[in-house]
Amino acid sequence: MNFHLSGRWALVCAASRGLGKACARSLVAEGVNVVITARDAAVLERTADELRAIDPDVTVRTAVGDITTEAGRADALAACPQVDILVNNAGGPPPGDFRAWSREQWITALDANMLTPIALIKATVDAMAERGFGRIVNITSGAVKAPIATLGLSNGARSGLTGFVAGLARQPKLAGRDVTINNLLPGAFDTDRLRSATQAAADAEGRPLELVLADRSRAIPAQRFGNADEFGAFCAFLCSTQASYLTGQNILLDGGAYGGTF
Ligand code: NAD
């Protein structure tokens with residue numbers, strides 16, 4: 001299937017590794033020029049080289065910085081001549097007990113997982129509508145549908161973004177101009193983040209990482225973790241011209257882990 005995205009520009013945030021990188025990879029494979037962001041310049045440049053190798057005709061630019069800061073967002077936007085596609089992503093907040101969280105920790109989580117995507121949407125969405133094409137994909141979490149008790153900062157901040165997007169995506173001046181906004185909700189994907197979070201659990205239980213990973217993956221109906229390429233491919237489809245009638249949705253990619261009918 002041809003997604004008809006060749007020559008478009010995408011800003012893919014937090015994309016030197018993991019799910020963001022996989023989204024950038026799938027978009028580049030569709031002929032989309034990308035700006036990728038991350039805080040570590042060396043890792044980001046390595047990723048950019050990998051992306052360039054996929055298609056030498058595609059332009060890959062980097063913007064080094066923390067996307068949760070105003071300066072980081074300004075640099076990312078400045079590097080992208082025109083944002084046709086915006087993939088919002090940032091690191092997730094740490095686990096813990098809400099009794100220990102300070103106001104500052106809440107503000108950090110809200111900045112990363114709610115206010116940053118909203119700021120980037122605000123900076124790009126009206127120009128998308130004027131041009132008559134735009135795709136916004138927010139990487140959130142399965143925890144929005146099935147909250148994880150220890151991830152209260154994530155449950156709260158991402159649900160705030162989800163509620164905001166539900167209202168915005170349905171505005172006729174966006175949906176009626178072929179601008180779609182959707183949220184992709186990862187379940188358990190085999191990325192650095194999954195491994196570091198599971199390592200913490202393994203240390204706490206005094207068990208080897210591989211055994212804890214095996215137990216976790218057996219609890220998923222698919223009997224495995226997702227791989228990032230599956231996630232990236234779905235993101236590219238959401239950005240396609242074919243997905244024009246799909247907006248305001250929360251799409252769970254979790255190998256069947258969520259137990260509800262809807
Ligand atoms: P990852 O740690 O493998 O990769 C995160 C990427 O984001 C890296 O490139 C990192 O450099 C970049 N990054 C992080 N914070 C940044 C910031 N402030 N500014 C710029 N770049 C930043 O993580 P992942 O597994 O790809 O997860 C991506 C998102 O999806 C996270 O918010 C995570 O909480 C969420 N999520 C992941 C899973 C999973 O199973 N992997 C499940 C649910 C939710």
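The values are calculated or read from the model by the stated rules, or taken from the named source; none is laboratory data. Predicted model only: the values in this text are computed from it and were never measured. Backbone-built Cβ (ideal geometry, glycine too); neighbour counts: all protein chains shown. Note: accessible area is taken over every heavy atom of the protein model, side chains too, but ligands, DNA and RNA are not part of it. Shrake-Rupley method; radii C 1.70, N 1.55, O 1.52, S 1.80 Å.
The table for this structure:
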item	result
Hits in the stretch 183-202 - residues which are open to solvent by less than 30 Å² (accessible area, probe 1.4 Å) and either near the ligand (Cβ under 10 Å from one of its atoms) or over 16 Å from T150 (Cβ atoms) (or both)	N183, L184, L185, P186, A188, F189, T191, L194, T198
Residue that is nearest to N138 (Cα to Cα) [pool: residues in the stretch 71-122 that are of a type in the set (S, T, N, Q) and crowded, with 22+ Cβ neighbours inside 10 Å]	N88
Among the residues listed as S217, S240, the single one being within 17 Å of Y258 (Cα to Cα) and open to solvent by less than 40 Å² (accessible area, probe 1.4 Å)	S217
First in the stretch 80-108 and closer than 25 Å to A24 by Cα, second anywhere and among the hydroxyl-bearing types (S, T, Y) and open to solvent by less than 70 Å² (accessible area, probe 1.4 Å), Cβ under 8 Å, 6 or more apart	V83/T124; L86/T124; N88/T116; A90/T68; A90/T116; G92/S141; G92/S154; P93/S154
Near pairs, Cβ below 8 angstrom, 6+ apart or cross-chain, from the stretch 211-231 (under 17 Å from A201 (Cα atoms)) to any residue that is within 11 Å of the ligand (Cβ to nearest atom) and among the basic types (K, R)	L213/R195; F225/R216
Members of the stretch 172-199 found to be modelled with pLDDT of 95 or more, assigned to a helix (DSSP H, G or I) and among the hydrophobic types (A, V, I, L, M, F, W, C), listed by number	L174, A175
Members of the stretch 143-171 found to be closer than 26 Å to T241 by Cβ and either part of a loop (DSSP other than H, G, I, E, B) or within 12 Å of the ligand (Cβ to nearest atom) (or both), listed by number	L161, R170, Q171
Wholly within the stretch 23-98, strands (runs of 3 or more DSSP E) carrying at least 3 residues that are within 12 Å of the ligand (Cβ to nearest atom) and within 14 Å of V12 (Cα to Cα)	33-38, 60-64
